[in-house]
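In what follows, a structure is listed as structure tokens, so that the remarks can point back to it.
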């Protein structure tokens, strides 16, 4: 993993600390980098879930832990680092995006029900 500004190396473990709200700083040039929620983010999330839903194994199964480590390693080396100023975080407000809020609540409820079914084996 290389810094896009100064080409200094960045440890993949630091890249795993990036979230929508937190950024990493290059040790050499002190520029902060983040990531956008793009197609890669959703693909990585889906690939993480494959063993859980297809093979129906536990989060703490040794195979899943190895799978998660490999997927995170691939994500860390293929991520596109973006300077902090260019990271796009869309804020959802009730004033302008009521439909998006209801969709988000519906997705969250669906995920909670899905996890309940998986872990309770209903």
Extension length gain for residue 32 and residue 85 (0.36 nm per residue less Cα distance), in nm, is 18.2 nm
Length gained if residue 14 through residue 39 is fully extended, taking 0.36 nm per residue and subtracting the Cα-Cα distance, is 6.9 nm
Ranked packing of 72-81, 42-51, most packed first, by mean Cβ within 10 Å: 72-81, 42-51
Among 56, 35, which comes first, second and so on when ranked by fewest other beta-carbon atoms within 10 Å? 56, 35
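No value in this document is a laboratory result; all are computed from the given coordinates. Computed from a predicted structure; not experimentally measured. With ideal geometry, Cβ positions are generated from the backbone for all residues, glycine too; neighbour counts draw on all protein chains shown.
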